[in-house]
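Take a look at the structure set out below.
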Amino acid sequence: MIKKILALVIAVMMIMSVAVIAASAEQAEIVENGADAAAAVAADGGADSAADAGADSAASANSFKFNPNGQWNNFSTIYCHIFVYGGASLAEWQTKKEKCSDNGDGTWTYDLDAKGFALENGTWYCIMFSADTGVETYQTLMDASCLGDTLTVGTEQIENPVDSSKKSYVATFSNHDASVYGPVLAITSIGNVVGSAPAPGQSKYSLFVKFLQENLLNARTYSGKNDQQLLDDTAKTLGLGKSDVEAAIAESGVTDIAWSKDASSLADESSSDAKETNNSSAGSGGSSSSGSSSSSGSSSSSSGSSSSGSSSSSSGASGTASGSTKTGQETTVLFIALGVMVAAAGVIFFARKRAK
């Protein structure tokens, strides 16, 4: 009888011990999750505070100023979208990380330090500003030397290179040459030339060759021009001559182009800069006043630029320190287990003594 009672007591103690351990572990998990959530809220709140503070304090040297110049109306928020040319964006389109600060004088500031970003020296970027009303600027080519400069919106609106039905405002830097640091030079889907700054590694001639290879068919369909008019008009805007067009057709590999050199209205030779390639390193020149450089370590992920409101993805957010709060559950569980063992040993001792 004593052995049955002893076995029952030990079994009850073990069940209670397991229950206590399970409850303690659950509590520890709740506390840890609560600590993580609090850390996330604190980080998010800190980012908001830093962004809001930017409106009340002087912007850092790693910032851009934007002047809508009276061309945009009835908006409440301005956003700044920056992406590596042909690569990743610093933040997603029109998210909190892209909000600018209102300077109260009609201009807005985007402070990269306040957002946790930095531009890398030697890297080409594009910058765009947009408003919550849907208006936006065209992509402006720039690098870290442009930091501290002001982008001002002009009266000109140009065709979106991808979607000819959409228009974007042209914005240029106050202290940088627009032929180097300006709206990206492009030929639109219907053959119109927009922008002023050739993309890195590109010339006006190579841009024309690319147009013949990729967009000529679409331009034929929607421009309302025949091949002779289309190529002459596009080449003339780029400063290309008859010989350049003839060479570009041969280089493109497109064999069904109905263009005649004899019938062309173009000059015989191209302009002096038609074949100049923008292959200079970012930050090597083009500024009429010295720009400030920034520290390296741009935080970006995901791909692509955003145009006409389409989103581009990037994390860009600064990381928060990990680590959960310790509340002593591990020690409590250890003492409970030891207590159960001591109690069981005591029961066995007295049961054996009584049996004797």
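Out of the residues in segment 57-91 that are among the aliphatic types (A, V, I, L, M) and assigned to a strand (DSSP E or B), state the one that is farthest from the chain's Cα centre (by Cα).
The extreme case among them is 78.
Every residue in segment 197-226 that is buried (at least 17 other Cβ atoms within 10 Å of the Cβ) and farther than 21 Å from residue 275 by Cα, please.
Selection gives 219, 220, 223.
A quick yes/no check of all residues on (1) at negative phi; (2) hydroxyl-bearing (Ser, Thr, Tyr):
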{"residue": "69", "(1), (2)": "no, no"}
{"residue": "107", "(1), (2)": "yes, yes"}
{"residue": "124", "(1), (2)": "yes, no"}
{"residue": "128", "(1), (2)": "yes, no"}
{"residue": "134", "(1), (2)": "no, no"}
{"residue": "142", "(1), (2)": "yes, no"}
{"residue": "157", "(1), (2)": "yes, no"}
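Count, please, the residues in segment 92-110 that happen to be touching a residue at least 40 places away in the same chain (Cβ under 8 Å), assigned to a loop (DSSP other than H, G, I, E, B) and closer than 12 Å to residue 150 by Cβ.
Within segment 92-110, residues that are touching a residue at least 40 places away in the same chain (Cβ under 8 Å), assigned to a loop (DSSP other than H, G, I, E, B) and closer than 12 Å to residue 150 by Cβ number 2.
Test of understanding: among 247, 235, which residue is surrounded by 21 or more Cβ atoms within 10 Å (Cβ to Cβ) and not in a loop (DSSP other than H, G, I, E, B)?
Answer to the selection: 235.
Restrict the check to segment 114-135 and report whether at least one residue is free of Cβ contacts under 8 Å to residues at least 40 places away in the same chain, more than 30 Å from residue 255 (Cβ to Cβ) and either acidic (Asp, Glu) or surrounded by 18 or more Cβ atoms within 10 Å (Cβ to Cβ) (or both). Don't jump to the end; show me each part of the working.
As a first pass, look at segment 114-135 and keep what is free of Cβ contacts under 8 Å to residues at least 40 places away in the same chain: none.
Looking through segment 114-135, none of the residues is free of Cβ contacts under 8 Å to residues at least 40 places away in the same chain, more than 30 Å from residue 255 (Cβ to Cβ) and either acidic (Asp, Glu) or surrounded by 18 or more Cβ atoms within 10 Å (Cβ to Cβ) (or both).
Which condition number in (1) surrounded by fewer than 23 Cβ atoms within 10 Å (Cβ to Cβ); (2) closer than 30 Å to residue 219 by Cβ is the one that residue 83 fails?
(1)
Would you mind finding the one in 144, 55 that is modelled with pLDDT under 95 and either over 27 Å from residue 187 (Cα atoms) or touching a Ser or Thr at 6+ places or on another chain (Cβ under 7 Å) (or both)?
Criteria check complete, one pass: 55.
In segment 86-108, what count of residues is obtained for those that are open to solvent by 60 Å² or more (accessible area, probe 1.4 Å) and among the basic types (Lys, Arg)?
2
Tell me which residues, restricted to segment 109-134, are in contact with a strand residue (DSSP E or B) (Cβ under 7 Å, 6 or more places away or on another chain) and either closer than 18 Å to residue 177 by Cα or modelled with pLDDT under 95 (or both).
Once the filter is applied, which keeps residues that are in contact with a strand residue (DSSP E or B) (Cβ under 7 Å, 6 or more places away or on another chain) and either closer than 18 Å to residue 177 by Cα or modelled with pLDDT under 95 (or both), segment 109-134 yields 123, 124, 125, 126, 127, 128.
The values are calculated or read from the model by the stated rules, or taken from the named source; none is laboratory data. In this text the structure is predicted, and so the values were computed from the model without any measurement. Ideal geometry is used to build each Cβ from the backbone, glycine not excepted, and the neighbour counts take in all protein chains shown. Ligands, DNA and RNA are excluded from the accessible area calculation, which covers all protein heavy atoms including side chains. Shrake-Rupley method; radii C 1.70, N 1.55, O 1.52, S 1.80 Å.
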